[in-house]
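Quick notes on the structure that follows.
Just so you know, all these numbers are worked out from the coordinates, no wet-lab data involved. Bear in mind that the values here come from a model prediction, so they are computed numbers and not experimental data. Using ideal geometry, Cβ is built from the backbone for each residue, glycine included, and neighbour counts are taken over all protein chains shown.
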Ligand code: PEP
Ligand code: MG
């Protein structure tokens with residue numbers, strides 16, 4: 001038995017058989033080939049087949065997971081037909097007499113290294129896409145182009161998974177992820193959270209563990225952030241007990257479905273879900289969320305080459321609003337900048353990105369970008385109960401500006417004869433400045449939602465992205481808790497409601513304090529909803 005440690009993304013436990021997914025197919029490749037024309041034909045056929053598979057994957061993904069995720073596949077199809085890549089392949093095959101497979105391998109490496117060397121974070125991220133699509137092509141040329149076959153209960157071991165890999169795998173068979181790299185915000189982590197399965201990132205599983213380990217037994221313990229490979233009898237039996245306990249807890253939670261979230265003394269709490277797009281809806285509905293407390297609009301802007309159109313935004317907002325069937329959907333306007341960037345936005349490199357042009361500042365500086373979103377949200381508001389939330393507020397004038405802009409757009413749509421609803425307007429409280437002036441801000445809006453991730457970062461002067469200083473990132477710090485108290489007090493005194501949508505909102509150790517402070521809404525990852533409901537219903 002070997003034991004490995006990592007960071008846990010979701011606190012579940014699973015037993016399965018290992019499937020190692022490597023980014024490059026390991027197989028001896030003939031470097032050169034005599035008949036260049038034959039190799040070129042082989043490449044064209046493999047390209048056509050790869051494109052056909054990607055097209056199929058695009059259809060499947062857009063049907064099952066929504067268009068945003070399907071766009072990732074679309075970008076890869078574009079790369080496959082990219083002129084520079086194809087010129088390079090043709091030259092290597094026809095002039096340098098390389099085999100089609102060797103040329104594909106080299107071109108994939110060169111192009112992905114080129115993208116990785118660029119400063120722009122969006123272009124850097126495209127490096128994984130180039131490698132993903134050229135590996136697909138290579139696998140096709142080597143006769144390994146089919147789907148990865150999984151065991152009935154599979155523990156996926158990989159460095160990290162490429163976006164299209166996570167989309168191709170048969171989700172029903174994935175029991176857990178154990179990754180050597182990855183972060184809480186990586187694609188795989190988001191997928192694991194929405195599937196409520198264990199996922200460890202940044203594990204110390206050695207790279208020497210390759211496909212020859214496929215089929216070995218493994219256990220991923222997301223409660224204690226440990227992976228066991230070939231566990232011994234004692235660990236196996238301990239983990240089986242743990243799984244039984246968790247299953248019992250989960251089954252116990254089923255009875256929470258459909259119940260009100262209310263304390264014994266009658267305090268009603270809205271337990272809402274945080275989402276990034278339409279693809280999260282199945283998890284929202286299956287966990288019985290009472291609404292959407294945070295729709296992170298920026299996910300509609302990432303992983304693409306240009307701005308989403310008003311219609312694209314509208315479609316995403318409308319689908320979510322209709323699916324929630326009258327329950328409130330709080331749509332946050334674009335919170336881009338800092339760690340979340342897209343090349344086409346042309347945001348400058350900054351010395352201190354977390355203190356730079358981000359959140360509402362981007363929308364205030366780019367009226368057209370702001371207006372497109374507001375139009376899309378107001379149009380979607382005709383289909384249900386929509387609210388609008390502005391991020392990263394520090395001053396009253398910013399809120400007044402946002403309200404004026406929203407009113408202008410509403411009027412504009414009215415003049416065009418377009419139907420809208422009456423969305424409530426609220427703000428995120430996630431800067432110390434907003435906390436200190438919360439009594440003035442409360443006079444301007446219908447609700448507050450506290451972003452504890454950023455509030456902790458700005459209060460403790462600690463970069464939330466820097467895992468090396470994790471021990472200093474303390475969302476339970478008395479300064480943060482005192483701020484939470486002050487925000488709720490300002491809200492109550494001014495007759496508006498306050499909620500929490502940062503990660504701290506899901507912390508069961510603080511639920512009682514939050515309710516005592518006066519919070520009436522908690523917005524969390526869908527997998528936490530039923531557990532919190534049970535906890536709240538047991539409270540006095
Ligand atoms: C937060 O800062 O707590 C928050 C919810 O916003 P985000 O994590 O998207 O910055
Ligand atoms: Mg934030």
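Between region 426-484 and region 222-236, what is the separation of their alpha carbon centroids in Å?
When both Cα centres are located, 37 Å separates them.
Using Cα centres only, tell me the gap between region 513-536 and region 264-300 in whole Å.
Their Cα centres are 11 Å away from one another.
Quick check: from the Cα gyration tensor, does region 255-537 come out rounded (a/c under 1.5), prolate or oblate?
On the way: a/c = 1.44, a/b = 1.14, b/c = 1.26.
The shape class here is rounded.
If you take the square roots of the eigenvalues of the alpha-carbon gyration tensor of region 432-540 and sort them as a ≥ b ≥ c, do you get rounded (a/c under 1.5), prolate (a/b over b/c) or oblate? Kindly include the intermediate steps, with their values, before the conclusion.
Working: a/c = 1.90, a/b = 1.05, b/c = 1.80.
Verdict is oblate for region 432-540.
How many nm is it between the label spots at residue 181 and residue 207, if each spot is 7 Å from the Cα in line with the beta carbon?
Here the modelled spin labels are 1.0 nm apart.
Could you tell me what percent of the DSSP beta bridges with both partners in the chain are antiparallel, to the nearest 5? Let's see the in-between values first.
Numbers: 19 of 59 bridges.
So the antiparallel bridges amount to about 30 percent of the total.
What is the helix-to-structure angle for 67-80, meaning the angle in degrees between its Cα long axis and the longest Cα principal axis of the chain, kept from 0 to 90 and rounded to the nearest 10?
Relative to the chain, helix 67-80 is tipped by roughly 30 degrees.
Taking a ≥ b ≥ c as the square roots of the eigenvalues of the Cα gyration tensor of region 53-124, is the shape rounded (a/c under 1.5), prolate (a/b larger than b/c) or oblate? Mind showing how you got there, number by number?
Details: a/c = 3.22, a/b = 1.60, b/c = 2.01.
It comes out oblate by the Cα gyration axes.
Calculate how many DSSP beta bridges within region 216-328 are antiparallel, expressed in % of all such bridges and rounded to the nearest 5. Working shown, then result.
Working: 5 of 8 bridges.
Counting DSSP beta bridges with both partners in region 216-328, the antiparallel share is about 60 percent.
So if R0 is 60 Å, what FRET efficiency would residue 267 and residue 97 give, r being the distance between their Cβ atoms, rounded to the nearest 0.05?
On the way: r = 76 Å, r/R0 = 1.27.
It comes to 0.20.
Measure off 7 Å from each Cα along the Cα-to-Cβ vector at residue 249 and residue 48, then give the distance between these two points in nanometres to one decimal.
5.5 nm
Taking the DSSP beta bridges in region 255-537 as the whole, what percent of them are antiparallel, to the nearest 5? Write down the numbers at each step before the final one.
Numbers: 2 of 31 bridges.
In region 255-537, DSSP labels about 5 percent of beta bridges as antiparallel.
So how do 401, 4, 32 line up by other beta-carbon neighbours within 10 Å, fewest first?
Numbers: 401 16, 4 20, 32 11.
Lowest count first: 32, 401, 4.
What distance in nm separates the simple spin-label points at residue 3 and residue 311, each placed 7 Å from Cα in the Cβ direction?
Spacing of the two 7 Å Cα→Cβ label points: 5.8 nm.
Measure nothing but the geometry: give the 0 to 90° angle between the long axis through the Cα atoms of 121-141 and the longest principal axis through the Cα atoms of the chain, rounded to 10°.
40 degrees
As I understand it, the value is the acute angle between the Cα axis of helix 396-415 and the longest principal axis of the Cα atoms of the chain; what does it come to in degrees, rounded to 10?
Between helix and principal axis, roughly 80 degrees.
Would you kindly state how much longer the chain becomes between residue 325 and residue 41 on full extension, computed as 0.36 nm times their sequence separation minus their alpha carbon distance, in nm to one decimal?
Numbers: separation 284, 0.36 × 284 = 102.24 nm, distance 5.31 nm.
Length difference between fully extended and current span is 96.9 nm.
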